[in-house]
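Step one of this worksheet: look at the structure below.
The values are calculated or read from the model by the stated rules, or taken from the named source; none is laboratory data. Bear in mind the structure is a predicted one, so any value in this text is a computation, not a measurement. For neighbour counting, all protein chains shown are included, and Cβ atoms are generated from backbone atoms with ideal geometry for every residue, glycine included.
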Amino acid sequence: MLRDFSAMIYTTEQVRSGEAKAAAAHGVSMAQLMQRAAQACLQAIKQRQSIGAQLLILCGPGNNGGDGWVLARFAQQAGYRVSVAAAEPSSDLAKAAAQAWHDHGGSSIALTDLQSKHFEGVNIVVDALLGNGLSRNLDAAYQRVIALLNDKNRSYWVLSVDVPTGLDSDTGCPKPIAVRANKTVTMVAIKVGLVTGQAANFCGTIELADLGVAAAFYTAKPALRAINQDIVRECLLTREPSSHKGMFGHVLIVGGAPGMSGAATLAGRAALRCGAGKVSVATHASSQFAVAVSQPELMVHHVDDDLSRLLKLASVVVIGPGLGQTDWAQKLVEQVARWEGPVVWDADALNSVATQPMRKPDGASWYFTPHPGEAGRLLHCSVDQVESDRMQALTQLCQNFHAHVLLKGSGTLVQNYGSDTRWVCRRGSPALATGGSGDVLSGVVGAMIAQHVDAEYVLPVSAWLHAVAGENAAQNGERGTLASDLLMQLRALVNPTQQPG
């Protein structure tokens with residue numbers, strides 16, 4: 001059975017320490033590995049431009065630059081017109097590759113001499129400057145080159161070798177700028193920094209070239225596992241013909257402060273569309289009518305300060321959508337915090353957790369769904385600190401609050417408390433950047449818990465469903481897509497035998 005290597009994602013250090021061993025295990029030298037990397041890039045170029053097109057290859061001093069030098073030679077031999085701008089090679093492999101290029105009649109200019117005129121008439125620019133492992137800010141010389149390359153009026157297509165130059169391959173943060181590639185061919189394994197944070201702004205389409213050494217390399221435990229549709233299918237089985245609503249749980253949504261009834265409504269509707277057997281909404285008296293008329297299948301209750309009766313009926317609580325931070329909201333938070341059952345904490349409920357000490361009851365399971373701002377408040381740090389190392393923030397949240405955590409954002413991350421397995425959702429759309437989208441997600445999570453999805457997979461499955469629903473809802477345009485547009489898409493996705501995602 002073939003393994004899906006693209007679902008296994010590694011840190012820079014894991015790749016560095018593992019690729020040479022993997023190559024040796026396959027009897028492949030590092031020079032041969034470099035040649036295979038160049039061939040993989042050449043194939044990507046051939047898919048984009050026919051023979052005879054003009055290429056400009058930018059080579060850095062190390063082995064990433066070495067890939068570029070070998071690619072220049074291979075591309076010229078294939079019939080492309082090739083020009084090279086390069087830094088002085090420093091690694092032995094890069095030196096040998098540069099020498100081979102010049103020995104075969106190739107010429108180059110110094111990277112410091114690169115000007116905008118050198119991009120004129122170019123069809124493809126190859127970024128083989130620095131690759132993975134960058135952890136400090138680029139110096140002024142490289143920033144100048146990247147600024148030239150990223151010209152907003154450019155007509156050429158950009159291919160990055162391994163990692164777009166300037167992008168931190170562990171965090172997905174630009175340092176402080178990065179090449180905006182149309183495609184990235186990454187070698188041996190996909191790196192964490194290509195799939196989370198701001199990576200989507202720079203990587204373009206990501207193609208994995210395992211260079212024929214994957215079988216040896218992938219024996220190491222990945223830093224992240226990509227969530228895929230197979231996991232969703234395994235968790236959402238076809239229902240038995242004799243099924244009844246009592247088998248699929250009772251979700252209690254707590255939220256809907258004055259003026260915010262829509263958030264609670266969206267969460268409740270999402271829970272219904274994802275298959276929860278029953279959904280109740282505990283809301284403020286001023287919001288009861290608005291929620292009730294929005295969806296007749298919701299059981300809507302106005303509450304003052306006592307949730308005890310509704311908690312006895314619930315199999316899972318979702319607290320936070322439209323909750324606000326008033327005394328009314330605080331009293332509800334305090335009661336839910338003492339409840340010994342599964343609780344999904346979102347929005348203002350998370351903000352309450354951040355501002356007052358709470359101890360999770362022994363019989364409770366807590367699920368957190370913060371965006372970076374909420375994560376920052378929970379960890380008492382800035383949004384920039386969260387985004388500078390999303391994996392660290394994720395793990396810290398799990399440990400600090402004994403909670404299963406879904407850290408929202410591009411490349412949503414998931415980790416369950418007590419587990420060292422971390423997940424990343426590589427699906428999604430900018431269409432999800434709209435008010436109410438997070439409320440829909442909290443309802444999805446509640447529905448998965450209510451339907452007894454294995455706790456290990458509740459958040460991964462929810463993240464995938466929400467992300468793909470966003471993609472599907474935006475097929476006619478991302479701008480103007482509403483959170484409520486996700487609801488019917490969710491219904492299709494949770495019936496995978498009828499409607500594949």
* To do: Filter the stretch 200-219 down to residues that are surrounded by fewer than 17 Cβ atoms within 10 Å (Cβ to Cβ) and not hydroxyl-bearing (S, T, Y) and give me whichever is farthest from S6 (Cα to Cα).
  => N201
* Structure fact -> Those residues of the stretch 150-182 which are over 17 Å from S116 (Cβ atoms) and basic (K, R) amount to K175
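Residues checked against (1) out of contact with any Gly (no Cβ under 8 Å at 6 or more places or on another chain); (2) free of Cβ contacts under 8 Å to residues at least 12 places away in the same chain; (3) buried (at least 17 other Cβ atoms within 10 Å of the Cβ):
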position	(1), (2), (3)
V316	no, no, yes
G320	no, no, yes
T326	yes, no, no
L332	yes, no, yes
* To do: Could you check, for the stretch 148-159, whether at least one of its residues is of a type in the set (D, E, K, R), assigned by TED's automatic domain parsing to the domain that holds Y10 and under 24 Å from the mean Cα position of the chain (by Cα)?
  => no
* Structure fact -> In the stretch 197-242, anything hydroxyl-bearing (S, T, Y) and at pLDDT 95 or above is listed as T205, S242
* Structure fact -> Just one listed residue, out of A215, A209, A220, A181, is assigned by TED's automatic domain parsing to the domain that holds L148, within 21 Å of V145 (Cα to Cα), of a type outside the set (D, E, K, R) and more than 16 Å from the chain's Cα centre (by Cα), and it is A181
* Hey, which of the helices (runs of 4 or more DSSP H) in the stretch 227-314, taking only ones fully inside, have at least 2 residues that are assigned by TED's automatic domain parsing to the domain that holds V424 and buried (at least 24 other Cβ atoms within 10 Å of the Cβ)? -> 261-273
* To do: Show the residue pairs that are 6+ apart or on different chains and have beta-carbon atoms under 6 Å apart, the first residue being within the stretch 148-166 and closer than 24 Å to V192 by Cβ, the second being surrounded by 24 or more Cβ atoms within 10 Å (Cβ to Cβ) and among the charged types (D, E, K, R).
  => S160/D127; V161/D67; T165/D127
* Condition test on V343, is it more than 19 Å from A447 (Cα to Cα) and in contact with a helix residue (DSSP H, G or I) (Cβ under 8 Å, 6 or more places away or on another chain)? -> no
* Structure fact -> Considering the stretch 349-381, residues that are in a helix (DSSP H, G or I) and among the β-branched types (V, I, T), and then whichever is modelled with the highest pLDDT, we arrive at V353
* Confirm whether L323 is of a type in the set (A, V, I, L, M), more than 19 Å from Q451 (Cα to Cα) and assigned to a loop (DSSP other than H, G, I, E, B). => yes
* Asked: With E19, E13 as the choices, which residue is closer than 21 Å to G133 by Cα and exposed (fewer than 14 other Cβ atoms within 10 Å of the Cβ)?
  -> E13
* **Failed item in (1) in contact (Cβ under 8 Å) with a residue 12 or more places away in the chain; (2) on the phi < 0 side of the Ramachandran plot, with G249 passing the rest** => (2)
* Asked: Any chance the stretch 109-118 includes a residue that's crowded, with 20+ Cβ neighbours inside 10 Å and not basic (K, R)?
  -> yes
